Each structure stands twice: as structure tokens, then as C-alpha cells.
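Bear in mind that the values in this text are calculations on the coordinates, not laboratory data. Since the structure is predicted, the reported quantities are computational estimates derived from the model, not experimental observations.
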Amino acid sequence: MMPSELETAARKNLRTLCIIRLIAVTGQAMAIAWLIATYPNAVFSPEALIWFPLFTLVIAVSWWRSYRPSPIAEWEFFFQVLLDVGFFTALLYETGGATNPFVSYYLVPVTIAAITLPRILAWLVSLLCLAAYTGLLFWHQPIPLLAPEGHGADPVNLHTLGMWINFAVSALLIGYFVTRMADAIRTQADTLNRQREKRLEDDQLIAVATLAASATHELGTPLNTIKLLADDLSGVVPAASRKDLDVLISQVDRCHQTLQELSDTARSFSEQTARAVPVKNYFATLLDRWQLMRPDVDVRCRIEEGPDNQVRFPPSLAASIHNLLNNAADASPDRVDISVNWDESKASLVIRDYGEGFEHGLDGRRGIRPSTKPRGMGLGMLLSRHILARHGGLIDSEPAAGGGTRITINLPLATA
């Protein structure tokens, strides 16, 4: 579950526990009142009445706590269940111990713990309830009217021993099977939540891709116009402005190339025409194309030798890696180190820049570096992470020794 959903579930569980407590306290009070009214001469310990206002206060405080803004942790709910066990044990001690017919109520906290708490805490509650039940067989304030007929005053007789065995078996069965069922439900809920998050991410990708397609279409005409005007001006501008005009033309050409790559990628997706290529050739071409787009960056590239296997790379993978390379180049144009190695099952691309670096886990997710560029929108890293994840890839980002950032991309290789 998401954190907000877990918090809401914890509050609802605490309120439900308060309602169960209120029903149990009311039932015990009515039973004691009936016993006193029906059997005026019954031996009864008045100390038992002290526990009712105390536990009523506990119920009120717990109900108030369920509306407080601070989160309810597992250990706190575990403590709440232990309060029930302690109160019920103290009340049973004053009212006949294991001979009290309400002693089977111990199964209620056992069941609640099995459903709501982790397995180890649920087992701990079960063992504590079993220990409390066992102690009540020997230590309690007896009420003769509750002793089973024909068994005399012996607290440990066949009847109470049979009840204890029944409780022990029931508690063990609940502790084992209910916790397994609860774990299965939690696992299923986690799976459904992951699928829902993936659908939301897919919707985000579709929205961004739609915007990118629209931008590609809309930018084509103005870029062509700029290109034509720049070509016309190349013969009439003064020599002092010629260098600036050449830069302008090269940037327009770069925009055209980027738009063409977007179109080619979209066409590859629609036609499913990804070709199998050697791994070394793929990365060599990918890095060569990027260096042509970023001639201002001092790149030190090393492609190690590996198996000569043929692989079908996803069409969108190149754009994702180019985005990460651009981030490194923007952070450290003076030097970027790149190394590539692979084996039969996976490829690893390491990008090392010498920029200012970042604080590890800055945005709460290990291995993700948010955009720090003045005009960065953060979409590049988002898209790169999602595209790589869709193809089984992982991005791990960490501070590099001596400053800067080291990004490792691990990508599984599906041999064609």
C-alpha cells in the first residue's frame, strides 16, 4: 500500500479495536451485574470493579489517539493489543481465572494481531495469551459458582484442562494460518498497488510523448524558416558576425537532427523494425552520435571487448542514454568519462562527471538525481528512468570519489 493508505488503515484498525474493547467491557460488566443480582451471597472480589473505569479511560484515550496527525506505527498498535491482553488478564484474575466462561476471549486479540501485525509480533501476542491463560489455571481469585460441577475446588481439572488445550490449539491454528492468509492479502494488495503505480507512470509517459509529438510537428516549420533566413543572411552579414551566424546555423541543424531522431524512433515503434546489431557497434555508434552533438565536451570514452552477440535494442534506449550523457556534460563540460562493458546477459554503461555532485537520495529515491539545471524541467530524467525500467534496466547514481557524480546503467541483453 501507499504510505497514506497504510496510515488510514492503521487509524481504522485502532478505532475498530476500540469498538471491540467497548463491547467486551460492556459484556463483562453486564455478566458481573447479573451474577451479583442473581446470587447475592456469591463470593466476589470487589477489586474487579476497579478495572472497568480504568479501561474505559484507555478506550477513550485510544479513540482520541486515532484522530491525532502523528502516524500510528506497528509497535504502537502492538502495544494497544497488549493493553487488551493485560486488562483482560487482570479482570479474569479477579473473577475466577480459567474457570470464567469468558476466558476464550483471548482468541480475539490473537486474531486481531494475526490480521494486522507482522508475523513475529502476531506470534508474540499468541504466546503471551497462552502464557496468561496458563497462569490463570493456577493463580486467580476463585468464584465457586463458576467451578464446573463435579470437579470440586481443584482449579486444574479435566474441564479446565480441556478448555486450555482447545485454546492452545485454536491460538496456534490462528497464529499459523490466519497470518499466512493475511500475508497473502498484503502481498496481493502490494502487487495491485504496484500495477496501479505502473499504470499512472504509463499515463504520464503517454502524456509526455503526446506533447513531444505535438512539439515535433509544430517546431518543424519555424526551424525551416530560421534555416532559410540564416542561409540567406550568410552572404550579406559582416565578417565580424559570420562566426555567430555559423553557430546559429549549427544549432538549427542540431534541432533538425533531434526532431528527425524523434520521428525515426516513433516510426520504429509503430513498425517494430528494431534490427539486431552487435553490442559493440551499437554503443560505439550511440556514443559517436552523441559526441557529434556535443563537440564542446571533453569526452574520455572506453569500450571494452566482450562477446560478439547480436542484440535487438529498444528504439527509445538511445534517447534515454543521450539524456543522461547530456546531464553529465552540462554538469562537467571540461571532462566526462564513459566506460562500457558487457557479457552474454547484461551490459553496463558508467558515466562519470566532475561537476558539483549532489546529495545522495536528494529526492527520496536512491539512484535518481533531480534536474539542477537553471531551465531544466526534470522530464529527461523521469523519461530515462521509466524507459530503462520498462526494459529491465536500472540506473544507480552515487557521489564519485574526488567530486562529481557516477551514474551506472545496467541493461539486460536479449540476444537475437
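Using alpha carbons only, the radius of gyration of region 271-330 set against its Kirkwood radius gives Rg/Rh = 0.99. With θ taken as phi - 60° and the Karplus curve 6.51 cos²θ - 1.76 cosθ + 1.60 applied, the whole-hertz 3J(HN,Hα) list for region 50-66 is 5, 6, 5, x, 5, 6, 4, 5, 4, 4, 5, 5, 5, 5, 4, 4, 5 Hz, x standing for glycine and proline.
Taken one residue at a time, the phi angles of region 309-317 give Karplus couplings (6.51, -1.76, 1.60, θ = phi - 60°) of 8, 8, 9, 8, 8, x, x, 7, 5 Hz. Gly and Pro are set to x. Put simply, the amide H of THR95, placed in the peptide plane, has neighbours under 5 Å in GLN141, leaving out anything fewer than 5 places away on its chain. For region 386-403, putting each phi into the Karplus relation 6.51 cos²θ - 1.76 cosθ + 1.60 with θ = phi - 60° gives couplings of 5, 5, 5, 5, 5, 9, x, x, 10, 10, 10, 10, 8, x, 8, 5, x, x Hz, in residue order, rounded to whole numbers and with x for Gly and Pro.
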